[in-house]
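The values are calculated or read from the model by the stated rules, or taken from the named source; none is laboratory data. Small disclaimer: the values here were computed from a predicted structure and weren't measured. Here Cβ is always computed from backbone atoms with ideal geometry, including for glycine, and neighbour counts include all displayed protein chains.
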């Protein structure tokens, strides 16, 4: 599921659209493999039909609860960086979204445990001005590159705002010089 473009403003474009790192799916895939193995084992050992149905029923419940649901959560979790803001969206049936304008990002930090370094993921913490303060994003793939991209976006946003501020302050001064010459 791609991030819906209809939530973006007219001049806004997506720079990065990320889901949590694939390591979040290790446990669900393991449960799926074990459930299939349990059903196959029950069939191979020629167990009583009722016992096979019980094993298959438990396998279906385990797969639905411990595999399918985590996969849905993983697929519907978006970490999106645009040229204007950071969007954090989660939720399967209901939707929670947090927008952090780039102009409000005060600080961002990344951390990686040893295993996360090996797998190429980590935690990105974004500190913003406002009530909610910090947003901690776990299992970000290629967290170093994401942090660098976020830094570049924040700096570009600040540069564009300072350019606009300078343009506004220079324009009246130039207008005054033109009027003086008349």
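With the requirement that a residue be outside any helix (DSSP H, G or I) and surrounded by fewer than 16 Cβ atoms within 10 Å (Cβ to Cβ), what does region 50-93 give you? Result: 76, 90, 91, 92, 93. Checking the structure you have, find out if any residue of region 119-136 is part of a loop (DSSP other than H, G, I, E, B), touching a strand residue (DSSP E or B) at 6+ places or on another chain (Cβ under 8 Å), closer than 20 Å to residue 24 by Cα and touching a residue at least 24 places away in the same chain (Cβ under 8 Å). The answer is yes, given that some residue of region 119-136 is part of a loop (DSSP other than H, G, I, E, B), touching a strand residue (DSSP E or B) at 6+ places or on another chain (Cβ under 8 Å), closer than 20 Å to residue 24 by Cα and touching a residue at least 24 places away in the same chain (Cβ under 8 Å).
Let's see how each residue does on (1) in contact (Cβ under 8 Å) with a residue 12 or more places away in the chain; (2) in contact with a helix residue (DSSP H, G or I) (Cβ under 9 Å, 6 or more places away or on another chain); (3) assigned to a helix (DSSP H, G or I):
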residue	(1), (2), (3)
6	no, no, yes
12	yes, no, no
15	yes, yes, no
20	yes, yes, no
25	yes, yes, yes
31	yes, yes, yes
43	no, yes, yes
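Of everything listed in (1) buried (at least 17 other Cβ atoms within 10 Å of the Cβ); (2) at pLDDT 95 or above; (3) more than 27 Å from the chain's Cα centre (by Cα), the single unmet condition for residue 42 is (2).
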